[in-house]
Structures are given as C-alpha cells and as structure tokens.
Amino acid sequence: MADLDDIKDGKDFGIGNPPVNEGFFIKGSNALDWGMQNRLSRIFNSETGNTVMLAFDHGYFMGATTGLERIDLGIMKLVPFADVLMCTRGVLRSCIPSKVIKPIVLRCSGGNSILTELSNETVAVDIEDAIRLNVAAITAQVYIGAKHEHKSICNIIKLIDTGNRYGIPTLAVTGVGKEMARDARYFGLATRIAAELGAHYIKSYFIEEGFEKVTAGCPVPIVIAGGKKLPELDALTMAYKAIDQGARGVDMGRNIFQSDSPVAMIQAVGAVVHKGEKPKKALQMYETLKAELGD
Ligand code: 5RP
C-alpha cells in the first residue's frame, strides 16, 4: 500500500555530491539515444570495450559451407563463448532456440550468390521483422568500388534510417570485390564512407600495413572479419595485432568454426580480445583446451 497518510520526506539528497554524468564508453556513440546505446552495450563489453562476435551468416550467399552444415551441431556449442551472434533470420528462427539470450546482429542483405556478382545485393529483411526478432543490430555489406557500389550504399543508408527510427544500430560490413586492392587506402575509404553515412560500427579486414590509420580515421568502432581459414597461430596473431592497432573486436567465422577445435579456438580468441593475451600464450590455451576436450 502506498504511504498516503504518513508521507516520509526524502532526507538523503547527497548535497555536495555532483550527479554522476559519465560519457558513453563506445567511440563516436556519445550522442546516441538510450535505446541505441543500450543495444551497443550488449554488443561491446563495457569493461574491455571489445567484442567477440561469432559470424555464421555465410550461408546466405555461400550455402552450407564447411563448419556450417549443421548449425545445431557445429554452432550451438560455441554460443556460450561468444559475446554476439551474427546470422540470418532463417537460421535464427530454424536453428537457434529462442531461450538463447545472446545479442543478435541480423544479416539484413541478400539477393546474391557465389555464382554471380557479389555486390548485387538488396535489403532482404524488413525492419519490423528485425524488431520482432529482438535483435541488437542490423547489418549489410557496402561494396565500395565494386560493380554495384551505389546499390550497396543505398542498402546501408536504408538500414541506418530505418534502424535509427527504432533505436537499432547498424553494422556496415566492408565487402571487398575480387578486383579491389586490400590495402589501407581501400579500407580507410570504405570504413570512413560507411561511418559518414551513419553506420554505428564497421567490419573491416585486418591489413599488415597501415591498419592503425584505418582505425584512427574511422570515427566509430571497427571490428575485423577473420576471412579464410588460417593456421590457429596466424588467426590469433591477426586478432592480437588488430586489437593492438585500434580494432574493438572481431566478427569471426571460418577461423573459429573451421578450426580443428572450434570450442577451444573461440575461447583463445576471447582471451586475445578481452585480456590482451599474446598470440603464443593464446595458442597454448587453445592447445590445452583442445586436449581437454579430446578434439
Ligand atoms: C559474410 C560475412 C561474414 O560474417 C564475415 O566475412 C565474417 O566471417 P569470416 O571470419 O569467415 O570472414 O560478413 O559476408
């Protein structure tokens, strides 16, 4: 029952203590609304500022690639170790139980395949469906310099505008056409264009020369894709260098789910991303976990 008769006056107003008014911890996101910041806080760990996203959306243009044949068998065992899951709505509804409460970054582009021109994508999910799925962010590719550059940029603009309406951030993925040079100039251009258009964070590839300039020149966080499967030490080294040079996490797929021991690998990647573990130590961790798991 409310205190209607004996209303107690407040006593402790903390006079002399200025109100806590801290800045938001994610680069370039200070001026965003509460819902947008809250969703980004589910993606990036507020203690480390970083994230381990597990990407398994490849099927939308690659089909059942190695490691993704059976999401229920291959991916579900990795879910506890990921900070974020990145997938399509088809896989989310058909293979991921709704009791899983990891934040979802929803692949919202499609309309292409490995048999045709990759940059020829369209927005493939209505914002209402993304809301229905309770996602933390939406995502599409921008193919800068590719045949359908303009169309892909229009896709990301559409996602950003519709996401902004409902407080849902957009991740822009820099898709690289076959003919593009993978260098600092290219990724600097692609990531900056996506950020200028209003993407809330950007996925890029790591490059050995000039990656620091790419992260410094991008006003919002960059996470790296893993790319093709590498030996485990090389993948861990790539993650280490990327974080060291300003990336705020990984959005990694094949280097985790195609590893000899995916469960060990995702934990080793997590140690690099969140604890700054050096690559050789992270590899030892991987080997130990792999042996314990009997992989
Ligand atoms: C596909 C994607 C993938 O999510 C991305 O490439 C990450 O996966 P990988 O680490 O295997 O490259 O955006 O278009």
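Since every read-out is calculated from the coordinates, none of them should be taken as a lab result. Not measured: the values here are computed from a predicted model. Cβ coordinates were reconstructed from backbone atoms using ideal geometry, including for glycine residues, and neighbour counts include every protein chain displayed.
Here are the numbers:
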| read-out | value |
| --- | --- |
| Within segment 40-129: Cβ-based charge dipole about Cα centre, in debye rounded to nearest 20 (Lys, Arg +1; Asp, Glu -1) | 360 debye |
| Modelled FRET efficiency - R0 22 Å, LEU233 with GLU292, Cβ distances, 0.05 increments | 0.70 |
| Rg to Rh quotient for segment 169-227, alpha carbon positions, Kirkwood Rh | 0.92 |
| Cα-centre dipole for segment 128-277 with unit charges at Cβ (Lys and Arg positive, Asp and Glu negative), debye to 20 | 320 debye |
| Set of aspartates and glutamates near LYS275 by C-alpha distance (under 16 Å), chain-local residues within fewer than 8 positions excluded | GLU47, ASP83, ASP244 |
| Principal axis box of segment 52-186, alpha-carbon based, largest edge first, Å | 40, 37, 27 |
| Average projected area [Cα convex hull, segment 17-64], square nanometres | 5.2 nm² |
| Gaussian network model of the chain, springs between alpha carbon atoms under 10 Å - residue of ASP83, ASP12, ASP260 with greatest fluctuation | ASP12 |
| Among ILE71, ILE266, ILE156: highest mean-square fluctuation, GNM of the chain, C-alpha pairs under 10 Å | ILE71 |
| Full-extension gain in nm, ASN21 to ASP129, via 0.36 nm per residue minus C-alpha separation | 35.4 nm |
| Helical mean residue ellipticity (222 nm; -39500 (n - 2.57) per DSSP H run of 4+; nearest 500) of the chain | -11000 deg cm²/dmol |
| Farthest toward positive dipole pole in segment 39-172 [+1 Lys/Arg, -1 Asp/Glu at C-beta], among VAL123, LEU78, GLY63 | LEU78 |
| Efficiency of FRET from Cβ geometry, TYR166 and THR65, R₀ 30 Å, rounded to 0.05 | 0.40 |
| Rg(Cα) / (2.2 N^0.38 Å) computed for segment 8-92, rounded to two decimals | 1.71 |
| Segment 76-137: projected area of the alpha-carbon convex hull, averaged over directions, in nm² | 4.9 nm² |
| Spin-label proximity, MET76 to segment 95-138 - amide N less than 17 Å from point 7 Å beyond Cα toward beta carbon | 95-102 |
| Residue among GLU69, GLU121, GLU47 with the largest mean-square fluctuation in a Gaussian network model of the chain, springs linking Cα atoms under 10 Å | GLU47 |
| Out-of-range pairs (alpha-carbon distance over 26 Å; input LYS158/LYS213; LYS27/LYS77; LYS77/LYS281; LYS151/LYS203; LYS102/LYS280; LYS213/LYS290) | LYS158/LYS213; LYS27/LYS77; LYS102/LYS280; LYS213/LYS290 |
| Computed log₁₀ I(q)/I(0) - Debye formula, equal Cα scatterers, no solvent, segment 200-254, q 0.18, 0.26, 0.29 Å⁻¹ | -0.51, -1.02, -1.23 |
| Kirkwood hydrodynamic radius of the chain, from inverse mean 1/r over distinct Cα pairs, in Å | 20.0 Å |
| Paired Rg and Dmax values of segment 238-295, which use every Cα atom, in angstrom | 11.0, 35 |
| Alpha-carbon centroids, segment 207-268 and segment 152-185: separation in whole Å | 19 Å |
| Dipole axis of the chain (+1 Lys, Arg; -1 Asp, Glu on Cβ), positive-most option in VAL100, ALA140, THR51 | ALA140 |
| Highest to lowest packing among 92-104, 185-197, scored as the average C-beta count within 10 Å | 185-197, 92-104 |
| Hydrodynamic radius by Kirkwood, which averages 1/r over all alpha carbon pairs of segment 134-197, in angstrom | 12.1 Å |
| Cα-projected label distance for GLU47 with ILE101, points at 7 Å along beta-carbon direction, nm | 1.8 nm |
| Size of electric dipole in the chain: Cβ of Lys, Arg +1 and of Asp, Glu -1, about Cα centre, debye, nearest 20 | 660 debye |
